[in-house]
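Novice: Please find one structure pasted underneath; my questions will follow.
The values are calculated or read from the model by the stated rules, or taken from the named source; none is laboratory data. Quick caveat: nothing in here was measured; it's all calculated off a predicted structure. Backbone-built Cβ (ideal geometry, glycine too); neighbour counts: all protein chains shown. Side chains included, ligands, DNA and RNA excluded: accessible areas come from the protein's heavy atoms. Shrake-Rupley method; radii C 1.70, N 1.55, O 1.52, S 1.80 Å.
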Amino acid sequence: MIEINAKLLRDQSAVFMCGEDVVCLIDFIHPSLPEHKIFQSNSDILENLAWATVQLHCYCNASFNEKSSNDAATNRNIGGSTSLNASNQLKGEVLHSTEPKILFCDLRLSPGEAKQFLYRETVPLNTPPTYRGIRVKYYYKITVATQRLGSTVQALNVPIRVLPLPLPQSDLDEAITLNDESNEDLAPNNPFLEKKRPPSRIEYALHYLRGVTARRRPNFFMINNKWGKVGRFCLFKSAYKLGEDIVATIDFSCGTIKCVQLSVTLQCEETELNSGTSSVATAGTKHELSSSDAAADTVNSSDATTEPERNKNISRVTNYSKHHEVCLGMVQTQVILPIPLHVTPTFRTDLVEVSWRLHFQFVTSTNPELSSEMLLDRNTANEDELEWVAPTDIAIETMIWSLPITIYPTAPLQIPQPCGEYKLYIK
C-alpha cells in the first residue's frame, strides 16, 4: 500500500491571487508492515510506482450555452493535457491547465520509507477567479496523478481559491499608484546602500488595491418621486475590498414626503453573456430617482442606454447582507452592510459577468396624519396633553432603486481559509 499526502506550504490560507506562486509538499509513504508477516521475495516487500506528475487545473462548469462551451473546449490551452485527464471525474471541463511537472519515474519504496517532493507553480494571469455561481462555476485543483505497476491512473485533488489580480484600469490610476516611488527616484543616490529591487506584480497590485479602496469621494444622490423629495443618500466611496463595511447615510430632513420604511440589500448579479455580444456597457449612476403610481423599478441612465443589450442576456441576483429599518419620524439614519470574505469580487469572462449593487426599497406615504404640519399644530395646542395616535391604515408607495458598486479582492492572507492535509491510498 502507498500513502500519498499533499499539503500546501501556506496552510493558514489556501487563497492565492492570479500571478502568485503556489507551493505544495507531496509525500509518498510506504507504511511499515506487521512483523509477523512472512514474505517470499523482495517483490512482496517493495512498492513500485511507475510515474507521478503534478498540474494546476482550472475547471469551468456551466449549465448553459453548450455550443460555446464545446467551442471553448476545442480552443483552450491543450499544451498541459496528459493521460491523467481521463482519470479525473470532476464536473465541468478543463478551462486551463499548466504544464505537467514530472516528480519521478520508477520509484521503489521499501516498508517504512518515504519520499518528499516540493511542487511550485504560478497561477496563470489570464484565468478567471474562483466563483460558485448559479449557472457558472469556476474552481481550481492541484492534481497529483500517479500509476502503480499493473493498476490504473489515480489522482489526488487539492482545492485552492484564486482571486483576480487588481490592476490599474487607466493611466491616471497607474500614476497615482506610482506616486510614492517617484519621490524616491528623485532622492540622491547613496553608494553604501543596497538598491531596492523593483516591486513584484503582486506587491504592485496590492499597493494599487490599497490606494483605490482607500480613496474617499462622497457621492450624493437626491431621491425623488412624483410627490416630491424623499431624502438625500450619501455614499462615501464606490470601491470596496472583501471584508469591508459599506457605510452610507440617508438624510430625510430635506424631504417633502415621509419615508415609512427603508431596506438596503447587497446583491450580486450574475449575467450570462451571449456569444454574439461584444461588450457590455459599464454600469453608471443617476443622481435623481423617480417612481410611478404603483411600485416602480427605477432605471439608471446607463440601464436605459443598454436596455436592448440587457434584453438579450439573462441575469440572476443573489442577496447577501441586508439592512432593514422603520424610519418614520427619523431625520437621519446610517446604513452599514458588511461584505463577506467568501464572495467573489467583480469580474467578467466570455461566459458570465459578475457585478455588485446596492438594492434600495423606499416605502413612502403621503398620508396627511403623518405630515409635519399636523404634528406641529398638535404641539402648539397643548404640549402637556399631547398624545399622537398612529393611523390604522396608511396609503404607501414602494420605490425600487439599484446603485452599482465595485468590489475588489483583498490580500490573500487576510482571508482565514485553512488548508488541511489531503490523502490518497493506493492498494
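Novice: Looking at (1) modelled with pLDDT under 90; (2) farther than 18 Å from V363 by Cβ; (3) not hydroxyl-bearing (S, T, Y), which is the only condition C268 fails?
Specialist: Status for C268: all satisfied but (1).
Novice: So which residues in segment 217-245 are among the aromatic types (F, W, Y), closer than 21 Å to K258 by Cα and at pLDDT 90 or above, if there are any at all?
Specialist: F220, F221, F233
Novice: Within the bounds of segment 86-93, is there any residue that is surrounded by 13 or more Cβ atoms within 10 Å (Cβ to Cβ), at pLDDT below 55 and more than 24 Å from the chain's Cα centre (by Cα)?
Specialist: Checked segment 86-93: at least one residue is surrounded by 13 or more Cβ atoms within 10 Å (Cβ to Cβ), at pLDDT below 55 and more than 24 Å from the chain's Cα centre (by Cα).
Novice: Looking only at segment 397-423, which residues are modelled with pLDDT of 85 or more and in a loop (DSSP other than H, G, I, E, B)?
Specialist: P409, T410, A411, I415, P416, E421
Novice: Six or more apart or on different chains, Cβ atoms under 6 Å: show the pairs whose first residue is in segment 410-425 and within 13 Å of N5 (Cβ to Cβ) and whose second is among the basic types (K, R).
Specialist: E421/K7
Novice: Something else about it: Quick check on segment 360-396: of everything there that is open to solvent by less than 30 Å² (accessible area, probe 1.4 Å) and in a strand (DSSP E or B), which residue is modelled with the lowest pLDDT?
Specialist: S365
Novice: Would you pick out the residues in segment 234-253 that are open to solvent by less than 20 Å² (accessible area, probe 1.4 Å) and either in contact (Cβ under 8 Å) with a residue 40 or more places away in the chain or not assigned by the TED database to the domain that holds H324 (or both)?
Specialist: Across segment 234-253, the qualifying residues are L235, A239, Y240, L242, I246, A248, I250.
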